[in-house]
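Trainee: Sending over a structure as structure tokens; questions will come in a sec.
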Amino acid sequence: MAAALMIFSMCAGAPFLIKLTKFSDNDVALGASLMMVLVLVSCVYVPIVLPLILPDVSVSAWELFINLTRQLILPIILGLIVDAVASNFSDTIHPWVEKIGNIALWVVIVGTLVGNIQRLIQISGNGSILAGVLFVIVVTIFG
């Protein structure tokens with residue numbers, strides 16, 4: 001659990017930051033800019049630091065960098081290219097993509113909880129969940 005919390009704390013810039021910014025009626029452009037900076041830094045920082053912090057965990061820094069780049073940066077680049085090349089098309093599909101994104105966010109959250117329900121029940125008594133929740137609350141307050 002300590003390793004998982006360490007990895008969680010190192011990976012700044014959750015992709016749903018834009019949704020959280022929009023739901024809180026704040027500047028979405030600022031939230032998107034902040035997310036981009038955090039994602040770029042995380043894609044470089046995590047592969048370098050993770051093997052140093054968790055030496056018992058066998059991880060390839062290069063493969064981690066490639067996976068993070070493919071999953072976080074490549075979709076953003078493709079979206080920017082589509083918006084630049086086919087602006088009318090991107091304006092047309094934007095409402096649909098936004099709805100699909102909202103549904104996908106909830107599917108991921110519920111799916112993660114349901115898929116790990118047995119493990120959550122196993123660790124519910126040792127304080128790990130409480131530590132994770134408190135960590136998120138403290139980081140949110142200071143953030």
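Trainee: At pLDDT below 85, part of a helix (DSSP H, G or I) and not basic (K, R): does that describe A3? Steps first, please.
Mentor: On the way: at pLDDT below 85: yes; part of a helix (DSSP H, G or I): yes; not basic (K, R): yes.
Judged against the criteria, A3 is a match.
Trainee: Which one is farthest from C43 (Cα to Cα), of the residues in the range 79-88 that are open to solvent by 70 Å² or more (accessible area, probe 1.4 Å) and at pLDDT below 90? Talk me through it step by step, then tell me what you get.
Mentor: So in the range 79-88, the residues open to solvent by 70 Å² or more (accessible area, probe 1.4 Å) come out as 80-81, 83-85, 88.
Next cut, at pLDDT below 90 only: 80, 83.
Numbers: L80: 19, D83: 24 Å.
Selected residue: D83.
Trainee: What residue, of V85, V57, V114, V108, is among the β-branched types (V, I, T), under 22 Å from M6 (Cα atoms) and without any contact (Cβ under 8 Å) to a residue 40 or more places away in the chain?
Mentor: Step by step, each of V85, V57, V114, V108 is checked, and only V108 is among the β-branched types (V, I, T), under 22 Å from M6 (Cα atoms) and without any contact (Cβ under 8 Å) to a residue 40 or more places away in the chain.
The values are calculated or read from the model by the stated rules, or taken from the named source; none is laboratory data. Keep in mind that what you see is a predicted model, and the values were worked out from it rather than measured. Please note: Cβ atoms are built from the backbone with ideal geometry, for glycine as well, and neighbour counts cover all protein chains shown. Protein only, heavy atoms only, side chains kept; ligands, DNA and RNA dropped before computing areas. Shrake-Rupley method; radii C 1.70, N 1.55, O 1.52, S 1.80 Å.
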